[in-house]
Amino acid sequence: MRRTAVRAAACALVAGAALVPAVASGQSSAPVLRVHAIFTGDSGVRSTYHVGEALFSDVPRAGGRKLTQVCFSSAPIARPACSAAPIAAPAQTGPLTVTATLDDGTELTRTLNIIPPATHVGGRRMVPATITCQDVGLYGNYDQRRHRSRDLFETMTRGTPVAMLNRIAPGKIFMWDYATNRGGFASESCAKPDSA
């Protein structure tokens, strides 16, 4: 009987020891700043982005803490250098340091390489542009049957910096307003790519 008790105790210790690394690794997962381009379909980790690509910053495994501020080492397009908004677009080429601050004061940083803006309108990458019409609506929907925009989000004025992405119908394109972080459909003829 004594031998059985010793064996049972030994098995329990071995099983417990096998669980310790798994539990410890689950607890030691440190928060990390993750940055990715929106609307590109990228799921992998990248460190190189284009000027004008709207980047989304988040902190997985933050242990219940909230992201309170995101800062770009140089101010992004049409936004302040630091903001509570997790989305912003780099304004210039070169190294960009993104710093995320959690509600307990923890700061996480990541350095990215920013290359010149994409220039192909209608592709997978955002193309920086400027509104050229006096007023143009940014709409939430486009009715393909009636060929009409619906659900006005906002009215953009001449000079508003936007990104142009994909065409959805003749003369209609998806645009992103950098200042408001709002996307929708607008008249393509009312925006001119900054590279043109």
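Values quoted throughout were computed directly from the atomic coordinates according to the rules given, and no laboratory measurement underlies them. These numbers come from a predicted model, not from an experiment. Ideal geometry is used to build each Cβ from the backbone, glycine not excepted, and the neighbour counts take in all protein chains shown.
Cβ crowding within 10 Å, taken as a proxy for footprinting-reagent exposure, orders K66, K172 from fewest neighbours to most as K66, K172. Fewest neighbouring Cβ atoms within 10 Å first, the residues E188, E154 line up as E154, E188.
Over the stretch 127-193, calculate the relative contact order: mean separation of alpha carbon pairs under 8 Å at least 6 apart, over the residue count, as a percent.
Relative contact order, the stretch 127-193: 39 percent.
Between R65 and R146, what FRET efficiency comes out of the Förster formula 1/(1 + (r/R0)^6) with R0 = 35 Å and r the beta carbon distance, rounded to 0.05? The value I calculate is 0.15.
Extension gain for T93-T119 works out to 7.9 nm (0.36 nm per residue, less the C-alpha to C-alpha distance). By the count of neighbouring beta-carbon atoms within 10 Å, fewest first, I115, I173 end up ordered I115, I173. 3J(HN,Hα) along the stretch 80-91, derived from phi through the Karplus expression 6.51 cos²θ - 1.76 cosθ + 1.60 where θ = phi - 60°, amounts to x, 4, 10, 7, 6, 6, x, 10, 7, 10, x, 9 Hz, with x in place of Gly and Pro. Applying both filters, DSSP loop and at most 16 other Cβ atoms within 10 Å, to the trypsin sites (Lys or Arg not before Pro) of the stretch 81-154 gives R124, R145, R146.
Taking 19 Å as the cut-off, the amide N atoms of the stretch 63-78 that come nearer than this to a point 7 Å along the Cα-to-beta-carbon line of S29 belong to 63-67. Here the label points at T130 and T106, each 7 Å from Cα along the C-beta direction, are separated by 4.3 nm in the simple model. Here's how it looks for R182: its modeled amide H is under 5 Å from those of D177, which are all 5 or more places away or on a different chain.
Roughly how many Å is it from the Cα centre of the stretch 69-101 to that of the stretch 113-181, as a whole number? Answer, in whole Å: 21.
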